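What follows is a set of notes on a single structure, which appears directly below.
Every number in this text was worked out from the coordinates using simple rules, so none of it is lab data. Bear in mind the structure is a predicted one, so any value in this text is a computation, not a measurement. When we count neighbours, we look across all protein chains shown, and the Cβ atoms used for this are built from the backbone with ideal geometry, even at glycine.
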Amino acid sequence: MIDVILDDASVRMKKSIEVTKQDMAKIRTGRATPSLLDHINIDYYGSEVPVSQAATVGVVDARTLSIQPWEKNMIPVIEKAILESQLGLNPVTSGDVIRIPLPPLTEERRVEMTKLVRQEGENGKVAIRNIRRDAIHQARELLKEKEISSDEEKVAEKNLQQLTDEHISLIDKVISAKEKEVLEV
């Protein structure tokens, strides 16, 4: 029973780390990456879909993204969505390709971005701690129902804490790598 709880907690913690990495990929650094536009949705024939499902998003060079919509009539819709996205990006259309030059980040903006990185990292840590709390609660329920002994419950808590510490240290590594990337000029 305890092994099932530990395995479930481990899987959920790994998913939390993946979600944290995805959230961090949306944070703008000095480089152009297609994941910058992942959270921008457009109206595609009555459905809200990400830009990547209505166009091909690519990287032209280190500071330029290109978007080639599959249908020409989607160009103004995509442009409008990018302008309204609060990313501070100005799309430029040439023919049937939208180019997005990324302006260089100021030092002040880089510091703001590192705060955002830490906040996303803290959200990931909170998710991991919540998973630990849920798993400990499950172990205590088993103890109440007399399915496990008190010693087994203590060992389970110790193992869960170890698992939590490992996953939090992984998130710390993700945070430090992203901060380094953001501060890189």
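In table form, for the structure just shown:
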item: Relative contact order for the range 34-101, counting Cα pairs under 8 Å that sit 6 or more residues apart, in percent; result: 27 percent
item: Longest segment of the chain lacking trypsin sites (Lys or Arg not before Pro) that sit in a DSSP loop with at most 16 other Cβ atoms within 10 Å; result: 64-145
item: Correct choice for Kirkwood radius over Cα pairs in Å that was computed from the model, options [x] 19.1; [y] 17.0; [z] 18.2; result: [x]
item: Where labels lie 7 Å past Cα in the beta-carbon direction, separation of H39 and T64 in nm; result: 2.7 nm
item: Modelled label reach - K80, point 7 Å along Cα→Cβ, the range 36-52 residues with backbone N closer than 11 Å; result: 43-44
item: Rough spin-label spacing in nm, given labels placed 7 Å along Cα→Cβ, for E18 and D3; result: 2.4 nm
item: Dipole magnitude (debye, nearest 20) for the chain, charges at Cβ of Lys, Arg, Asp, Glu; result: 460 debye
item: Mean-position separation - Cα centroids, the range 68-94 and the range 1-41, in angstrom; result: 26 Å
item: Footprinting exposure proxy for H39, H167 (fewest neighbouring C-beta atoms within 10 Å first); result: H39, H167
item: Mean ellipticity per residue at 222 nm, deg cm²/dmol - from DSSP H runs of n ≥ 4 across the chain, formula -39500 (n - 2.57); result: -20000 deg cm²/dmol
item: Using alpha carbons only: equivalent-ellipsoid semi-axes of the range 80-185, gyration tensor based, whole Å; result: 46, 17, 10
